[in-house]
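Participant: Sending over a structure as structure tokens; questions will come in a sec.
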Amino acid sequence: MFALFRFPLRGILTQIVIIAFMMSHFSYITRHYTEINSYSSYLQLVLLIIVTWAVFRVPPFYSFIMNGAGFISLFAAQGITIFLIVLTGTPFAHITKDPEIIFATQLLSGIILVAVSRFIVIKNWGFDYVPASHRVYIEFNRTNSALFAVIASSIVIALVAGIALKGNLEKYIVVAGTTFLCSIPVFLYYSRRKDVEDAR
């Protein structure tokens, strides 16, 4: 997320580590309550939006866009990882029940995202349109509306799929993963367009 939106890590690394530690505990706690464990990721997203706004002074709208992009990227990376493991002949049911495979899936997903982030930094890619001020005026023009719609619709579709397919993790991952993968190029297109518009 920070690499994609060109946030320099040197000045905020300590905060990131603290937030990551906090979020890991939040995830652990929420996943132990059967009533809300299916929605743990979405609760974490809401909390991260608030934290990014409060700690990094990113306006709520852009905090939603940043964290939504990070959320989609994580799910897409996990979906790709699970798909690759299934291609090796490992049954999906075995993936969800084997702690070692679950750990390997999470680790590989993290490595993929770190590698992509590093590649973005090396190539000097990413976007500059996120302001670092609470007081910036947000104009809901066509591009901003499109960015919001892409992120919001993807998350809502995945959330509804999670509710409708509760108990069928395999189908949920297919639906959510496909939705997020399809939303990435659309999001990148409108982000590039926003950068061009803001540069004028």
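The values are calculated or read from the model by the stated rules, or taken from the named source; none is laboratory data. In this text, all values refer to a predicted model and were calculated from it rather than measured experimentally. Using ideal geometry, Cβ is built from the backbone for each residue, glycine included, and neighbour counts are taken over all protein chains shown. Quick note on the areas: whole protein, heavy atoms, side chains included, nothing else; ligands and nucleic acids left out. Shrake-Rupley method; radii C 1.70, N 1.55, O 1.52, S 1.80 Å.
Participant: So Trp53 clears everything in (1) of a type outside the set (Lys, Arg); (2) open to solvent by less than 60 Å² (accessible area, probe 1.4 Å); (3) farther than 27 Å from Gly167 by Cβ except one condition, right? Which one?
Facilitator: Looking at each condition in turn, Trp53 falls short on (2).
Participant: Quick one: in the stretch 136-162, of everything that is open to solvent by 60 Å² or more (accessible area, probe 1.4 Å) and either hydroxyl-bearing (Ser, Thr, Tyr) or free of Cβ contacts under 8 Å to residues at least 12 places away in the same chain (or both), which residue is farthest from Val175 (Cα to Cα)?
Facilitator: My answer is Tyr137.
Participant: Contact list please: Cβ distance under 6 Å, first residue in the stretch 91-116 and under 19 Å from Ala3 (Cα atoms), second residue at pLDDT 85 or above and open to solvent by less than 70 Å² (accessible area, probe 1.4 Å), pairs at least six apart or on different chains.
Facilitator: Going by the 6 Å Cβ cut-off, the qualifying pairs are Leu108/Thr81; Ser109/Ala77; Ser109/Gln78; Ser109/Thr81; Ile112/Ala77; Leu113/Ala77.
Participant: Just checking, does the stretch 113-124 include any residue being open to solvent by 70 Å² or more (accessible area, probe 1.4 Å), within 21 Å of Gly11 (Cβ to Cβ) and under 15 Å from the mean Cα position of the chain (by Cα)? Explain how you work it out, then say what you get.
Facilitator: First pass over the stretch 113-124, keeping only residues open to solvent by 70 Å² or more (accessible area, probe 1.4 Å): 114, 116, 118-119, 121-124.
Okay, now just the ones that are also within 21 Å of Gly11 (Cβ to Cβ), so 114, 118, 121-122, 124.
Subsequent filtering for residues that are under 15 Å from the mean Cα position of the chain (by Cα) retains 114.
So far as the stretch 113-124 goes, yes, one or more of its residues are open to solvent by 70 Å² or more (accessible area, probe 1.4 Å), within 21 Å of Gly11 (Cβ to Cβ) and under 15 Å from the mean Cα position of the chain (by Cα).
Participant: Give me the residue from the stretch 1-46 that is among the β-branched types (Val, Ile, Thr) and outside any helix (DSSP H, G or I) and, out of that set, most open to solvent (accessible area, probe 1.4 Å).
Facilitator: Filtering the stretch 1-46 for residues among the β-branched types (Val, Ile, Thr) gives 12, 14, 16-19, 29-30, 34, 36, 46.
Right, trim to outside any helix (DSSP H, G or I) and you get 12, 34, 36.
On the way: Ile12: 25, Thr34: 99, Ile36: 62 Å².
Within the stretch 1-46, the match that is most open to solvent (accessible area, probe 1.4 Å) is Thr34.
Participant: Which one of these does Val175 not meet: (1) of a type in the set (A, V, I, L, M, F, W, C); (2) open to solvent by 60 Å² or more (accessible area, probe 1.4 Å); (3) free of Cβ contacts under 8 Å to residues at least 40 places away in the same chain?
Facilitator: (2)
Participant: With respect to the numbered conditions (1) open to solvent by 60 Å² or more (accessible area, probe 1.4 Å); (2) in contact (Cβ under 8 Å) with a residue 24 or more places away in the chain, which one is the sole condition not fulfilled by Val58?
Facilitator: Val58 satisfies every listed condition except (1).
Participant: Scan the stretch 125-134 for residues that are surrounded by 11 or more Cβ atoms within 10 Å (Cβ to Cβ) and of a type in the set (Gly, Ala, Ser) and jot them down.
Facilitator: Matches in the stretch 125-134: Gly126, Ala132.
Participant: Could you check the stretch 187-196 and list, in sequence order, the residues that are touching a residue at least 40 places away in the same chain (Cβ under 8 Å), surrounded by 15 or more Cβ atoms within 10 Å (Cβ to Cβ) and not aromatic (Phe, Trp, Tyr)?
Facilitator: Filtering the stretch 187-196 for residues touching a residue at least 40 places away in the same chain (Cβ under 8 Å) gives 187, 190-195.
So of that shortlist, the ones also surrounded by 15 or more Cβ atoms within 10 Å (Cβ to Cβ) come out as 187, 190-191, 193-194.
Passing the criteria: Ser191, Arg193, Lys194.
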